[in-house]
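The values are calculated or read from the model by the stated rules, or taken from the named source; none is laboratory data. Please read these numbers as outputs of a predicted model, since none were measured by experiment. As a convention, Cβ positions derive from the backbone with ideal geometry for all residues, glycine included, and neighbour counts pool all protein chains shown. Accessible surface is based on the protein model in full, side chains and every heavy atom, while ligands, DNA and RNA are left aside. Shrake-Rupley method; radii C 1.70, N 1.55, O 1.52, S 1.80 Å.
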Amino acid sequence: MLTRLPGLLAVFILWLLHFLPLPVLALLGRGLGRLLYVLARSRRRVAQRNIDLCFPELPAEERRKLTREHFALLGRSMLERAILWWGSDARIRHLVRVEGEEHIHAARTAGRPVILLAPHFLGLDAGGVAITQRFDIVSIYSKQSNPVFDQAVLRGRSRFGNQLLISRDDSARPTVKAMKAGRPFYYLPDISPRRRDAVFVPFFGIATATITGLPRLAKAAGAVVLPCVTRMLPGSAGYVVQIGPAWPDFPGADPVADATRMNAWIEAEIRKMPSQYYWVHRRFKTRPQRSDPSLY
């Protein structure tokens, strides 16, 4: 019980915060982010290094400013999960607007399984919850190290409808089966995979370990791929989920070319809102050769 106490206290505080108006919560979140920028030195170094690598054309001060803004938005996204996990259905629908839902309906009407390609932007959880308010989906779940947070995250992501969360350690078979049964797959592609699971294709001009799961899953299920990006709106205006039309001619014959296409699209979306990408993750951790020096 004593080992669970800090987690229980943190979740209780987060639960209390969901009663606050969004403008107040957003202000507190930005303050938390500024504090994390000062205290979370290792994550600040990772984020700054990622931004330096990806935007070398920007002056150094602009890159530092971008890192500071990223942490402010990171703090917002952390506290605003309170509304996503405990807010009413009506409040979340008011907070998170969904555009392009008709593309999912069109694919399902045509009898095609659906993959929602959702990169790691800070609004990812808001987009996921908004999708689950409208559809029963399948998604991949990574177990949290803290059991209290693990339970809170599981509940928050499955509180609406009949959602299917599959462990990252499971095979792809249950996911493909769920897609074929009509569940859209909320797919998060841009993590740094193990070398044996990766191909190295450009991402901001850097040869980056990239999993080829998207074309493999699309081919196995006969699915269409719909780009899905969640944007945090300025101030306390909430979020908007933007679902685009199905990618034509995907997957192709070459999974490496497909991975290159995916990375190019993610890069283009990041350039539209660079402060909102999840920069605190060591995206370039896995190098093409084991002897290559670490970028961190």
query: Mind checking whether some residue in segment 45-60 is touching a Ser or Thr at 6+ places or on another chain (Cβ under 7 Å), more than 29 Å from L116 (Cα to Cα) and open to solvent by 50 Å² or more (accessible area, probe 1.4 Å)?
result: no
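Scan segment 127-144 and give yes if some residue there is free of Cβ contacts under 8 Å to residues at least 12 places away in the same chain, in a helix (DSSP H, G or I) and open to solvent by 20 Å² or more (accessible area, probe 1.4 Å), otherwise no. Even if it seems obvious, please write down each step before you answer.
Looking only at segment 127-144, we keep the residues that are free of Cβ contacts under 8 Å to residues at least 12 places away in the same chain, and these are 144.
Still in the list and also in a helix (DSSP H, G or I): none.
No.
Suppose the filter is more than 30 Å from K285 (Cα to Cα), surrounded by 11 or more Cβ atoms within 10 Å (Cβ to Cβ) and touching a Ser or Thr at 6+ places or on another chain (Cβ under 8 Å); does L14 pass it? Show your work before the answer.
Working: more than 30 Å from K285 (Cα to Cα): yes; surrounded by 11 or more Cβ atoms within 10 Å (Cβ to Cβ): yes; touching a Ser or Thr at 6+ places or on another chain (Cβ under 8 Å): no.
No, not satisfied.
Hey, among K285, K272, which residue is farther than 15 Å from L122 by Cβ and open to solvent by 20 Å² or more (accessible area, probe 1.4 Å)? Show your work before the answer.
Working: K272 fails: farther than 15 Å from L122 by Cβ.
The match here is K285.
V148 - would you say it is in a strand (DSSP E or B) and either at pLDDT below 95 or buried (at least 17 other Cβ atoms within 10 Å of the Cβ) (or both)?
Values: in a strand (DSSP E or B): no; either at pLDDT below 95 or buried (at least 17 other Cβ atoms within 10 Å of the Cβ) (or both): yes.
Considered against the rule, which asks whether it is in a strand (DSSP E or B) and either at pLDDT below 95 or buried (at least 17 other Cβ atoms within 10 Å of the Cβ) (or both), V148 comes out as no.
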query: Within segment 92-104, can one find any residue that is open to solvent by less than 60 Å² (accessible area, probe 1.4 Å), at pLDDT 95 or above, assigned to a loop (DSSP other than H, G, I, E, B) and closer than 28 Å to D150 by Cα?
result: no
Breaking point among (1) out of contact with any strand residue (DSSP E or B) (no Cβ under 7 Å at 6 or more places or on another chain); (2) part of a helix (DSSP H, G or I); (3) open to solvent by 10 Å² or more (accessible area, probe 1.4 Å), for R157: (1)
query: Within segment 107-123, how many residues are assigned to a helix (DSSP H, G or I) and touching a residue at least 24 places away in the same chain (Cβ under 8 Å)?
result: 2
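Just name the residue that is farthest from D125 (Cα to Cα) out of those in segment 223-269 that are assigned to a strand (DSSP E or B) and aliphatic (A, V, I, L, M).
Residues of segment 223-269 that are assigned to a strand (DSSP E or B), as a first pass: 224-232, 239-243.
Right, trim to aliphatic (A, V, I, L, M) and you get 224-226, 229, 232, 240-241, 243.
Values: V224: 22, V225: 19, L226: 17, V229: 11, M232: 11, V240: 12, V241: 11, I243: 15 Å.
Residue satisfying both the conditions and the ranking: V224.
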Those residues of segment 257-296 which are within 27 Å of V46 (Cβ to Cβ) and of a type in the set (A, V, I, L, M), in sequence order: A259, M262, A264, I266, A268, I270, M273, V280, L295
Residue list for segment 167-197, filter: surrounded by 13 or more Cβ atoms within 10 Å (Cβ to Cβ), in contact with a Ser or Thr (Cβ under 6 Å, 6 or more places away or on another chain) and in a loop (DSSP other than H, G, I, E, B): S192
statement: Exception for F12 within (1) assigned to a helix (DSSP H, G or I); (2) closer than 19 Å to P234 by Cα falls at (2)
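Tell me the residue from P255, P245, P251 that is surrounded by fewer than 15 Cβ atoms within 10 Å (Cβ to Cβ) and not β-branched (V, I, T), please. So that I can check it myself, show each step before the final result.
Values: P255 fails: surrounded by fewer than 15 Cβ atoms within 10 Å (Cβ to Cβ); P251 fails: surrounded by fewer than 15 Cβ atoms within 10 Å (Cβ to Cβ).
Only one candidate passes the filter, namely P245.
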